[in-house]
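Okay, so here's the structure we're looking at.
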Amino acid sequence: MADGQPHLVSADAGFAERLSARLGAGAIGPLAPGYLEEPRGRWQGQGGVLVRPASAEEVAAVIRAAAEARVPVLPYGGGTGLVGGQIAPEGPAPVILSLERMTAIRSVTPEENVLVAEAGAILADVQAAAAGAGRLFPLSLASEGSARIGGLLATNAGGVNTLRYGNARALCLGLEAVLPDGSLWHGLTPLRKDNAGYDLRDLLIGSEGTLGVITAASLALHPRPAGEGTALLAVKSPAAALGLLALARDQLGDGISAFELMHRQGFDFLAETMPETRLPWPEPPEWSVLIEVGLPRGLDPAGALETLFEHALEAGLSDDGIVAQSEAQRAEFWAVRERIPEANRHIGAISSHDISVPLAAIPELIDRAGPALAKIGAFRLNCFGHVGDGNLHYNVFPVAGQGRADDAARRDDIKRCVHDLVHALGGSVSAEHGVGRLKVEDLERYADPAKLSAMRAIKAALDPMGIMNPGAVLRA
């Protein structure tokens, strides 16, 4: 810690015993290897004490004990984060605070379009609870079978439906949370309008466990579309994809739920690493767009997509397309999109970039990034993502026959090249995955100085001991 601040100490067996006496049986669990790993294998946790509280009051007791003992706290959700926010690779061994026992759906109120879930609830279970009440919780991403609501809110997760419904922040009405001093904030409001002072909800959402621990959330539900349709359209370029998006908005308005851009390299990776995946085209186009629409009763989604394709064909934006004719075909289309990240992992990226730029800058980014990277070396590039909201996953891979270890020495140069270009175009180097530990230096490099200063002041005011996820988002 900086001069003048208390030094943190490791959570040891004695601390675990004292905590167990406060919380009772079942709260202290065995520290399995999974709690010390993260999906990309960039960091390895160095141990600690696993605590699994069963209530918000028990979470508060853990935080109070940690503050008294000056022990760091590492909030842990589903472990699916991609920027290392859930791993403590160095420093004093932390309390690993897992919300896995707090999985209750406390209430569903369809007439108010509100669902209250505890932070350990898995996203797929929240979606199912909403569906059971005839409603939709539209947050959707590849890890929804294991990602937990608390972690999704703590990282302000995005996903494929952000274009229509917004990211996690837009889907949260209120929070229950434990602050760094161990006080429990009861903010589970169903209100859409509440201007009574500073908005702690928005402060905690996206804070990645550095300002407190989310224990429950009031989530906004939506009516389920009466009909849904999916189409894959080949587009001639990223600029044509933006033209298609504008055309789709003119014709379908807010009925567009997802608009995903995919490059041929993603299809090639799928064919190489997951040949069982059924690909829609025998010869994939250079660029394609996956469009999902959800329309009210009385409108035909398939017919609307066919009309869209006809107009795109006339406008020279697309020259081939497939409109799903069944739920099975819709699922096949989405399987292609959702398996691209898995295929990427099989290939092994040298450097992965979760970026966003203004929509108008997407073609320029793609046009400039390839030649700029070619000056560093020869690579394969896979650019795909949620082009409807400007969020792209721009990933750099070794050429065929080489592994990412062969290019490890160039990783920093690659990242700097992509991120400098994104910043120059007015974008963000952290679109939906958060900062975690991976992008602490990037935040220092690219963030507005006034914003960074305010962030540090907020952290110091709410967490003067520095116990909450030290080293994530802001340098410890």
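Numbers at a glance
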| read-out | value |
| --- | --- |
| Long pairs among LYS193/LYS451; LYS236/LYS451; LYS415/LYS451, criterion Cα-Cα beyond 28 Å | LYS236/LYS451 |
| Accessible area per residue, Å², the stretch 139-211 with all protein chains present, probe 1.4 Å | 42 Å² |
| Debye, to nearest 20: dipole size of the stretch 276-324, +1 on Lys, Arg Cβ, -1 on Asp, Glu Cβ | 280 debye |
| Residue-by-residue Karplus 3J(HN,Hα) for the stretch 86-101, coefficients 6.51, -1.76, 1.60, Hz, glycine and proline x | 9, 10, 10, x, 8, x, x, 5, x, 6, 8, 9, 9, 9, 5, 8 |
| Inter-site label distance for LYS236 and GLU57 at 7 Å from Cα along Cβ, in nm | 6.7 nm |
| Charge dipole (the chain, unit charges on Cβ, about Cα centre) - positive-most of ALA93, ASN113, VAL9 | VAL9 |
| ASP442, ASP254, ASP413, reordered so the largest accessible area comes first (probe 1.4 Å) | ASP254, ASP413, ASP442 |
| Within the stretch 193-274, trypsin sites (Lys or Arg not before Pro) in DSSP loop having at most 10 other beta-carbon neighbours inside 10 Å | LYS193 |
| Cβ-placed point charges (K, R +1; D, E -1), dipole of the stretch 53-166 about Cα centre in debye, nearest 20 | 140 debye |
| Dipole axis of the chain (+1 Lys, Arg; -1 Asp, Glu on Cβ), positive-most option in ALA461, SER143, ALA157 | ALA461 |
| R0 of 30 Å, Cβ-Cβ distance ASP250-ALA142: FRET efficiency to nearest 0.05 | 0.50 |
| Heavy-atom accessible surface of the stretch 40-100: percent carbon and sulfur, 1.4 Å | 43 percent |
| Charge dipole (debye, nearest 20) of the stretch 332-476; +1 at Cβ of Lys and Arg, -1 at Cβ of Asp and Glu | 340 debye |
| Exposure rank, largest accessible area first [ILE376, ILE256; 1.4 Å] | ILE376, ILE256 |
| Whole-percent carbon and sulfur share, accessible surface of the stretch 164-240, 1.4 Å | 51 percent |
| Residues whose placed amide H lies under 5 Å from that of MET468, excluding near-sequence neighbours | VAL73 |
| The chain: relative contact order in percent, alpha carbon pairs under 8 Å with at least 6 residues between | 16 percent |
| Residues of the stretch 370-453: accessible area per residue with a 1.4 Å probe, Å² | 43 Å² |
| Signed unit charges on C-beta, dipole axis of the chain, positive-most listed residue GLY403, ALA61, LEU452 | ALA61 |
| ³J(HN,Hα) computed for each position of the stretch 204-215 - Karplus, 6.51 cos²θ - 1.76 cosθ + 1.60, integer Hz, glycine/proline x | 6, 5, x, 7, 6, x, 8, 10, x, 10, 6, 10 |
| Net lengthening on full extension, ASP448/ALA21 (0.36 nm per residue, minus Cα-Cα) | 149.1 nm |
| Helix-derived mean residue ellipticity, 222 nm - over the chain, DSSP H n ≥ 4, -39500 (n - 2.57), to 500 | -10000 deg cm²/dmol |
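The values are calculated or read from the model by the stated rules, or taken from the named source; none is laboratory data. Since this is a predicted model, take the numbers as computed values, not measurements. A quick note on method: Cβ atoms are made from the backbone with ideal geometry, for glycine too, and the neighbour counts reach across all protein chains shown. Quick note on the areas: whole protein, heavy atoms, side chains included, nothing else; ligands and nucleic acids left out. Shrake-Rupley method; radii C 1.70, N 1.55, O 1.52, S 1.80 Å.
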